[in-house]
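The values are calculated or read from the model by the stated rules, or taken from the named source; none is laboratory data. Quick caveat: nothing in here was measured; it's all calculated off a predicted structure. Heads up, the Cβs are rebuilt from the backbone with ideal geometry, glycines too, and the neighbour counts pull from every protein chain shown.
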Amino acid sequence: MNKNDQETQQMINNEAKANQNLATFCTTQMEPQADELMKNALNTNAIDKSEYPKTAAMENYCVSMIAHLWGIPDNEKIYDDFIGTSTVGSSEGCMLGGLALLHSWKHRAKPAGFDIEDLHSHKPNLVIMSGYQVVWEKFCTYWNVEMRQVPINGDQVSLDMDHVMDYVDENTIGIIGIEGITYTGSVDDIQTLDNLVTEYNKTATMPVRIHVDAAFGGLFAPFVDGFNPWDFRLKNVVSINVSGHKYGMVYPGLGWIVWRHNTADILPAEMRFQVPYLGKTVDSIAINFSHSGAHISAQYYNFIRFGLSGYKTIMQNVRKVSLKLTAALKTYGIFDILVDGSQLPINCWKLADDAPVGWTLYDLESELAKYGWQVPAYPLPKNRDDVTISRIVVRPSMTMTIADDFLDDLKLAIDGLNHTFGVTTTVDQDNKTTVRS
Ligand SMILES: *Cc1c(COP(=O)(O)O)cnc(C)c1O
């Protein structure tokens, strides 16, 4: 083999490996032109807006495009009406969203006559469903906020609308709606939540607000049908975050947050820092300071390269792949499908209670790993942690061909497990004993 052949082979090997990772939400493949662009922009510093005004402009364009995807009317403008920033990922976006809620709660608590130093009566709290991503636990721990977890109810892996408002009181800084629950890929019913909040706020001393954690749904839902309003179309949603490195299709290291209104009430003044020493005074909102502008260029590249219609086509294909996996999983007759890919492109299933097999989803995880596939098995959140599930995240790089390869290997894996662990072929209806082959 000559050197080029070897490089090609290496590239294919690497891609094959990344494509077999069905556990991650993160982008592992971009166009070669985007790779090149990022390489060239690696030495830029996104925070230095006077030295790299083009990066700053691209950042603002991206914030605007995302804001308009999320229901902010097209005639509204960044800074005049809404505001946002790039971040290193959704984690930084969630931190900023949570901090804005906390600070604005403090500003409103004083006129309401609360002694906010008195943590016995006025410790701020945040309300969220129990299947939150770990960043929310970090947020509450780092900033001394009480986390009020709403347990999941039955098979419904989302915020329990019958009980969520029981967790809200005058010390609630906000409720988090999750547009894409990391555990299962299901979504909170944020439209119903918005109605509940509107009703609550009519008589509340301290009106409550919603921040939406749309880490992966935020750049998927706008491009396909099948979602109820979950974004700024809803009155009480004040801020939303998303990861650029999930369905934004940029390599890890990028997120976004948008606040609905550029007002001190929604984004308190103390969270905006004027930085004069880089040449020109600009507001800095982010927690991180210096970081490369490469990811911002890459996001901007994707947006103009694919456009709205391109993102729509890509995400519709992603959904097709996810639905295909569901159809194939159903043919085995041993899985209960929890999330079928008809909304977010996540496949999530458990073994049916009466599945006549002697193996578990953990065994399936290990067996699939022998073929190179990563398909994690893990327990549901608190309250239902007796249930084990498996999850596949379908990303844009998962083509139909890759899905077919996976399904071939899934069949081999299941045949192998049945062979090793035995399958129960007959169920004796009278004494309910099962007979293993
Ligand atoms: C991935 C994820 C996060 C964290 O995002 P990063 O971009 O990895 O920092 C937060 N919330 C949800 C719902 C997620 O899926």
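Please tell me if T263 is away from the ligand (no atom under 16 Å from the Cβ), among the hydroxyl-bearing types (S, T, Y) and not in a helix (DSSP H, G or I).
yes
For the range 213-222, a residue qualifies if it is near the ligand (Cβ under 10 Å from one of its atoms) and of a type outside the set (G, A, S), and the qualifying residues are D213, F216.
Taking the condition of a type in the set (A, V, I, L, M, F, W, C) and farther than 24 Å from D231 by Cβ, does W143 pass? Here the answer is yes, as W143 does meet what is asked.
Within 21 Å of F139 (Cβ to Cβ), more than 13 Å from the ligand (Cβ to nearest atom) and touching a strand residue (DSSP E or B) at 6+ places or on another chain (Cβ under 7 Å), is that true of S290?
On the way: within 21 Å of F139 (Cβ to Cβ): no; more than 13 Å from the ligand (Cβ to nearest atom): yes; touching a strand residue (DSSP E or B) at 6+ places or on another chain (Cβ under 7 Å): yes.
The answer is no for S290.
Taking the listed residues T85, T27, the one that is within 18 Å of N241 (Cβ to Cβ), within 28 Å of the chain's Cα centre (by Cα) and in a loop (DSSP other than H, G, I, E, B) is T27, with no other qualifying.
Restricting attention to strands (runs of 3 or more DSSP E) lying wholly within the range 314-417, give those where 1 or more residues are surrounded by fewer than 17 Cβ atoms within 10 Å (Cβ to Cβ) and not assigned by TED's automatic domain parsing to the domain that holds D225. Break it down into steps so the answer makes sense when it comes.
Working: elements: 335-339, 346-351, 377-379, 388-393.
In the range 314-417, the matching strands (runs of 3 or more DSSP E) lie at 335-339, 377-379, 388-393.
Test L101 against the criterion of being within 16 Å of the ligand (Cβ to nearest atom) and assigned by TED's automatic domain parsing to the domain that holds F232, and give yes or no. Criteria met by L101. For residues that are in a loop (DSSP other than H, G, I, E, B) and buried (at least 22 other Cβ atoms within 10 Å of the Cβ), scanning just the range 125-168, find the one that is farthest from the ligand (Cβ to nearest atom). Looking at the filtered set, the residue picked out is V145.
Criterion applied to S64, S50 was being surrounded by fewer than 21 Cβ atoms within 10 Å (Cβ to Cβ), part of a helix (DSSP H, G or I) and among the small types (G, A, S), and the one residue passing it is S64.
Among the residues of the range 28-40, which ones are surrounded by 15 or more Cβ atoms within 10 Å (Cβ to Cβ) and either under 12 Å from H295 (Cα atoms) or among the acidic types (D, E) (or both)? Steps first, please.
Initial filter on the range 28-40 (surrounded by 15 or more Cβ atoms within 10 Å (Cβ to Cβ)): 28-30, 34, 37-38.
If the condition is that a residue be surrounded by 15 or more Cβ atoms within 10 Å (Cβ to Cβ) and either under 12 Å from H295 (Cα atoms) or among the acidic types (D, E) (or both), then M30, A34, L37, M38 are the ones that fit.
Has the range 223-230 got at least one residue that is buried (at least 16 other Cβ atoms within 10 Å of the Cβ), within 16 Å of the ligand (Cβ to nearest atom) and modelled with pLDDT of 95 or more? Yes, the conditions are met somewhere in the range 223-230.
Scanning the range 232-252 for residues that are in contact with a helix residue (DSSP H, G or I) (Cβ under 8 Å, 6 or more places away or on another chain) and more than 13 Å from the ligand (Cβ to nearest atom) turns up F232, L234, K235, N236, V237, V238, S239, M249.
With respect to the conditions (1) farther than 27 Å from E31 by Cβ; (2) in contact with a strand residue (DSSP E or B) (Cβ under 9 Å, 6 or more places away or on another chain); (3) modelled with pLDDT of 95 or more, G255 falls short on a single one, namely (1).
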